[in-house]
Amino acid sequence: MRYSALRVIKEGLTGNRGWQPVWRDPEPKAEYDIIIIGGGGHGLATAYYLAKEHGVTNVAVLEKGYLGGGNVGRNTTLVRANYFLPGNSEFYSHSLKLWEGMEHDLNYNAMHSQRGLINLFHSDAQRDAFVRRGNAMINQGDDAILLDRDGVRKMVPYLDFDNTRFPIYGGLYHPRGGTARHDAVAWGYARGADQRGVDLIQQCEVTGIDIEGGVVKGVQTTRGAIRAKKVGIVVAGRSGQVAAMAGMRLPIESHVLQAFVTEGLKPCIDHVVSFGMGHFYISQSDKGGLVFGGDLDFYASYAARGNLPMVEHVMEAGMTLMPMIGKARVLRSWGGIMDMTPDGSPIIDKTDTEGLFIDCGWCYGGFKAVPASGFAFAHLMATGRPHDTAEKFRLDRFRTGVSIMDEEGTGAQHNLH
Ligand SMILES: Cc1cc2nc3c(=O)[nH]c(=O)nc-3n(C[C@H](O)[C@H](O)[C@H](O)COP(=O)(O)OP(=O)(O)OC[C@H]3O[C@@H](n4cnc5c(N)ncnc54)[C@H](O)[C@@H]3O)c2cc1C
């Protein structure tokens, strides 16, 4: 079924009886060409592009819970292409272009809103760093505009410009940055993959990876053994645990990141505002809630909830930047588990086991990366060659020290800077 405005009107007038389930609920087959472990954004996008770009449809996505129940539905929904280092820069640029065509491609409303993102700076040194970043973005073909203090004041007058601890010197404006409805992205890719014949199998936890003579043969699951010619591990915060099933020890720490939303308010924040000095970023959802977050909880954990010291820290940062936020009531907060690699950049690569591939290391940038990661991982799994935009995301960079992409100079321990 194709979605359209006409369809919505027709269904509205006929009691909404014509809608069909968005994807099937198939039983697992005994064997697939490709098994994707993990039904988050990256796993579903990989399955979609395998089918669409490479015609590989004998594919199963195995998800231990429900589709989109992981980090893809827990993030603060920011989408941007303002990375600085070669490797990351072209990858996120490609991702933003895929975002821009995604809703047409998937025939699904992901509520992608390019409302513009402003990264604030508070010193001459920070301005220099943002000028360099902005030039790198423009060289990459993306957009960046340097704003002075008055330029920022014009766009976001509600900030505290008189704060003496963090005076606002200006901002780097990225007009094509913005937000998207996070779980709709998972649902859109799931629907697109299902329509092309991919089996999406929920409540199916992978408990083991079968390897014989250095070649992957399939997986053990809570719904029985399933054979496969190729297996892709795409389980975000659980990468270390699932890779261990194949005898791998990854250069990854799993940390909790928290997010917060207030009660619904009238529209008051038009852009995404990022306050690096205070570790705070904020946007307003279409329902009116102010959605904001901060930094990691700074200890390794698999608990998908956070602790109070970080709640206090994020609230303090919010009050420092925009005291008006103190009037809003926080509705709820939640946490998700994030992969942190030593250089804060991801891994999309083959492993030493033939037929076993891994896509992991997604920390703060993992949501905006969903389309490009799925695209590149599908390319790698289908052709055996890395896609041009992701060829630097090699696993062995942490062994050889070559091509480390330490975007923020902080690596796995963001509290050390
Ligand atoms: C609070 C928070 C805010 C964030 N904000 C942003 C943001 O604004 N912008 C941005 O770009 N990124 C953001 N991120 C990061 C981003 O959400 C993640 O990096 C990204 O979603 C991870 O990839 P995923 O969607 O595939 O993960 P997930 O949705 O977690 O998918 C992995 C799936 O694997 C499944 N799985 C795990 N183990 C198994 C197993 N053994 N068998 C079968 N299935 C298994 C899980 O159940 C899960 O559904 C944020 C993250 C958090 C937590």
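The values are calculated or read from the model by the stated rules, or taken from the named source; none is laboratory data. All values reported here derive from a predicted model rather than from experimental measurement. Neighbour counts run over all protein chains shown; Cβ positions are idealised from the backbone, glycine included. These accessible areas exclude ligands, DNA and RNA; they are computed on the full protein's heavy atoms, side chains included. Shrake-Rupley method; radii C 1.70, N 1.55, O 1.52, S 1.80 Å.
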| Checking Asp162 against (1) within 11 Å of the ligand (Cβ to nearest atom); (2) without any contact (Cβ under 8 Å) to a residue 12 or more places away in the chain, which test does it fail? | (1)
| task | Just give me the residues in region 5-58 being touching a residue at least 40 places away in the same chain (Cβ under 8 Å), over 20 Å from Gly224 (Cα atoms) and more than 16 Å from the ligand (Cβ to nearest atom), in sequence order. | result | Val22, Ala51, Lys52, Glu53, His54, Val56, Thr57
| query | Say we look at region 349-387 and pick out the residues that are open to solvent by 10 Å² or more (accessible area, probe 1.4 Å), among the hydrophobic types (A, V, I, L, M, F, W, C) and more than 10 Å from the ligand (Cβ to nearest atom); which of these is farthest from Gly293 (Cα to Cα)? | reply | Ala382
| Which ones in region 23-59 are surrounded by 15 or more Cβ atoms within 10 Å (Cβ to Cβ) and assigned to a loop (DSSP other than H, G, I, E, B)? | Trp23, Pro28, Gly38, Gly39, Gly40, Val56, Thr57, Asn58
| remark: Of the residues in region 59-87, those that are within 6 Å of the ligand (Cβ to nearest atom) and among the hydrophobic types (A, V, I, L, M, F, W, C) number 3
| query | Name the pairs whose Cβ atoms lie under 6 Å apart, with the first residue in region 59-76 and of a type in the set (S, T, N, Q), the second near the ligand (Cβ under 6 Å from one of its atoms) and open to solvent by 20 Å² or more (accessible area, probe 1.4 Å), and 6 or more positions between them or separate chains? | reply | Asn71/Ala236
| query | In region 84-108, how many are at pLDDT below 95 and in a loop (DSSP other than H, G, I, E, B)? | reply | 4
| Looking at region 60-87, which of the residues that are out of contact with any Phe, Trp or Tyr (no Cβ under 8 Å at 6 or more places or on another chain) and buried (at least 23 other Cβ atoms within 10 Å of the Cβ) is farthest from Ala225 (Cα to Cα)? | Gly70
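Can you pull out the residues in region 323-348 that are part of a strand (DSSP E or B) and either surrounded by fewer than 19 Cβ atoms within 10 Å (Cβ to Cβ) or away from the ligand (no atom under 16 Å from the Cβ) (or both)?
Matches in region 323-348: Val330, Leu331, Arg332, Ser333, Trp334.
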| field | Criterion: under 15 Å from the mean Cα position of the chain (by Cα) and among the aliphatic types (A, V, I, L, M) - qualifying residue of Ala60, Ala51, Ala81 | value | Ala81
| message | For region 252-281, give me each residue that is touching a strand residue (DSSP E or B) at 6+ places or on another chain (Cβ under 7 Å) and in a loop (DSSP other than H, G, I, E, B). | response | Ile252, Leu265, Pro267, Cys268, Ile269, His271, His279
| Filtered residues of region 242-251 (kept if touching a residue at least 24 places away in the same chain (Cβ under 8 Å) and either charged (D, E, K, R) or outside any loop (DSSP other than H, G, I, E, B) (or both)) | Val242, Ala243
| said: Given (1) open to solvent by 20 Å² or more (accessible area, probe 1.4 Å); (2) farther than 17 Å from Ser93 by Cβ; (3) free of Cβ contacts under 8 Å to residues at least 40 places away in the same chain, identify the lone condition not met by Phe130. | reply: (3)
